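The values are calculated or read from the model by the stated rules, or taken from the named source; none is laboratory data. Bear in mind that the values here come from a model prediction, so they are computed numbers and not experimental data. Methodologically, a virtual Cβ is constructed for each residue, glycine included, from the backbone with ideal geometry; neighbour enumeration extends over all protein chains shown. Surface areas here come from the heavy atoms of the whole protein model, side chains and all, with no ligands, DNA or RNA. Shrake-Rupley method; radii C 1.70, N 1.55, O 1.52, S 1.80 Å.
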Amino acid sequence: MEKKAIHFGGGNIGRGFVAEFLHAAGFEVVFVDVMDSIINSLQTTKSYQVTEVSDEGESTKTITNYRAINSKTHEADVIKEISTADVVTCAVGPNILKFIAPVIAKGIDARKGPTPLAVIACENAIGATDTLHGFIKENTAQDRLESMPDRARFANSAIDRIVPAQAADSGLNVRIEKFYEWAVESTPFGEHGHPDIPAIHWVSNLEPYIERKLFTVNTGHATAAYYGYNAGKKTIAEALHDSRIRDIVRAVLQETASLIVDKHEISAAEQQEYVETIIARISNHYLEDSVERVGRAPMRKLSRKERFIGPAAQLAERGGKFESLLGSVEMALRFQNVEGDDESVELAKVLKENSPADATVQLTGLDRDHPLFPHVVKVVDGVQSEAK
Ligand SMILES: NC(=O)c1ccc[n+]([C@@H]2O[C@H](COP(=O)([O-])OP(=O)(O)OC[C@H]3O[C@@H](n4cnc5c(N)ncnc54)[C@H](O)[C@@H]3O)[C@@H](O)[C@H]2O)c1
Ligand SMILES: O=P(O)(O)OC[C@@H](O)[C@@H](O)[C@H](O)[C@H](O)CO
């Protein structure tokens, strides 16, 4: 029988990464989304194209064998599909996980087969599948919790591929970079074994992969985005073309590299090579990735486990250097009232209505007695003072 994957989020990474590799692995993909326009296009178009763009030219793959369901209007259909699926993935954004959990919980509860469903959240966040699992448990009857591992297994992942916002006239087609990395925990599947998806690199300990990815790719990317935005640059490539910003990105990545090397079994030389690859990737001008997309949701990006405060807090605890990361935090705090970005509006409000210390607690989740706390308060105070 054909294998079936249910994928929540028919957006950029959903169509341009997850579905591509599920399709290549022989899965039928059922997209679930709440946006009518995406669902309608997926339902009426039998194929779309994923085009890799780089200095070496372009290469295109055609994706077929998918269906699409709107979970807003057809929840019962989604539950039925999950009850007979092999895999559930999602790429909806970390803040949306709580909204997709109830329908996944119902689908899992309705399962009868001998093999548990594999649930893999593909979001830029540490422990995103654990977070989703927590919400699914909250939406499952108490007397069904103990037997849930018979029906579903949950594996965290680290996912890396730059998929910028797509041109308005591109339809379902996606232009992306060639590079990709998809690491997923293998241990949760136990005796059942993990699903057969060749693009996935199965690992027993995900922490080095997700920390290295989030604190290098995303820290560097977001630093370029916020410095670029504040300097009037349009794209990440344009920001990195500015030697001042490029040097700052390098300085920030030197700080996070010291943490990665110190904490994980990754040598300084290997990390340096990784950093160079990342700088080359995010400088890819064929992608036309806007500073607004990469800087989106600044409150999420300033939160405790995220790309700036996450490594800076660990460095502060270990007596390491974090001054350049504080510069990125300052630039992120200035990403206010950006059109189309609700969090940037909320950020401006939090900064306006709170004392520096209270705003720091609210935005970063740092404890007041954490060694990083006074340093961030100073930065917050500085940004608040400019607005007065
Ligand atoms: N774009 C990238 O380069 C990239 C790379 C790696 C990881 N990611 C991560 O993937 C996730 C998605 O990013 P994206 O760039 O594809 O964003 P996107 O906005 O293009 O796609 C998100 C999709 O989720 C859908 N959605 C929202 N609420 C939903 C709900 N309740 N149920 C079902 N679908 C819902 C949206 O309609 C949209 O189609 C984020 O966590 C992001 O950090 C993105
Ligand atoms: O998706 P976000 O908002 O967490 O971060 C924006 C970009 O840095 C991100 O989407 C990258 O393009 C991606 O993580 C590359 O793998």
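Below, the figures for the structure above:
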read-out	value
Single unsatisfied condition, residue 57 versus (1) away from ligand 1 (no atom under 11 Å from the Cβ); (2) on the phi < 0 side of the Ramachandran plot	(2)
Any hit, the range 306-317, residues being at pLDDT below 95, under 15 Å from residue 219 (Cβ atoms) and within 13 Å of ligand 1 (Cβ to nearest atom)	no
Selected residue (only one of 14, 26, 9 is under 19 Å from the mean Cα position of the chain (by Cα), of a type in the set (Gly, Ala, Ser) and at positive phi)	9
Selection count, the range 82-111, where residues are open to solvent by 40 Å² or more (accessible area, probe 1.4 Å), in a helix (DSSP H, G or I) and within 15 Å of ligand 2 (Cβ to nearest atom)	2
Selection within the range 264-275 - closer than 17 Å to residue 218 by Cβ and either part of a helix (DSSP H, G or I) or not assigned by TED's automatic domain parsing to the domain that holds residue 314 (or both)	271, 274, 275
So residue 295, is it farther than 30 Å from residue 173 by Cβ and assigned by TED's automatic domain parsing to the domain that holds residue 367	no
